[in-house]
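I have placed the structure first, in the form of structure tokens, so that the comments after it can refer back to it.
The values are calculated or read from the model by the stated rules, or taken from the named source; none is laboratory data. In this text, all values refer to a predicted model and were calculated from it rather than measured experimentally. No Cβ is skipped: glycine too gets one built from the backbone with ideal geometry, and neighbour counts run over all protein chains shown. Please note that ligands, DNA and RNA were not included when accessible areas were found on the heavy atoms of the full protein model with its side chains. Shrake-Rupley method; radii C 1.70, N 1.55, O 1.52, S 1.80 Å.
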Amino acid sequence: PVQVTKAHAFGPARLVYHWAIGEERPWRLVTNAPSPSAVLRHYRTRMWIEELFGDWQGGRFQLHRTRLQAPERIARLVLVLSLIYVWLIAVASAVVKRGDRCSVDRSDRRDRSYLAIGLRWIRRCLQNDAPIDMRFTPYF
């Protein structure tokens, strides 16, 4: 058990270190959760959510720029973008699983979201007149 600070201690806390194979640095997480595995599971989920929010807002889709106000039009747009998003994530996860990530992402660090990897892979396939993997089941 550790305390973050004397003045702002929030009860018993754990310091969780997780160093995944292939990563340059470990995750250093301070938490009051009972188990380190639960903390890692929640943190991984949070990273997916952060990527999703970034892609929808300021990233590739830029949903805020549509200026749509009618709820039914927004709902239709979100439905179509959701289907496209799921497909792009599925394509990207297949690319990563096959070991082809280096074709569309930097090899020295990971700075592209799965959406960006999916878009880049499809663009690469179109430019090279290659078939596009049409799966709809993401690999996790």
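In the stretch 110-120, which residues are within 13 Å of the chain's Cα centre (by Cα) and either at pLDDT 85 or above or open to solvent by less than 50 Å² (accessible area, probe 1.4 Å) (or both)?
Once the filter is applied, which keeps residues that are within 13 Å of the chain's Cα centre (by Cα) and either at pLDDT 85 or above or open to solvent by less than 50 Å² (accessible area, probe 1.4 Å) (or both), the stretch 110-120 yields Ser113, Leu115, Ala116, Ile117, Gly118.
Matching residues to (1) open to solvent by 40 Å² or more (accessible area, probe 1.4 Å); (2) without any contact (Cβ under 8 Å) to a residue 24 or more places away in the chain:
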residue: Lys97; (1), (2): yes, no
residue: Val104; (1), (2): no, yes
residue: Asp108; (1), (2): yes, yes
residue: Ile122; (1), (2): no, no
residue: Gln127; (1), (2): yes, yes
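Search the stretch 30-52 for residues that are in contact (Cβ under 8 Å) with a residue 40 or more places away in the chain and pair each with any residue that is assigned to a helix (DSSP H, G or I) when their beta-carbon atoms are under 8 Å apart and the residues are at least 6 apart or on different chains.
Pairs found: Glu51/Tyr114; Glu51/Leu115.
Quick one: count up the residues across the stretch 1-20 that are at pLDDT 80 or above and out of contact with any helix residue (DSSP H, G or I) (no Cβ under 8 Å at 6 or more places or on another chain).
Number satisfying all stated conditions: 4.
Residues Glu51, Glu23: which one is assigned to a helix (DSSP H, G or I), modelled with pLDDT under 80 and either closer than 26 Å to Cys125 by Cβ or outside the structural domain of Cys125 (by the TED database) (or both)?
Only one candidate qualifies: Glu51.
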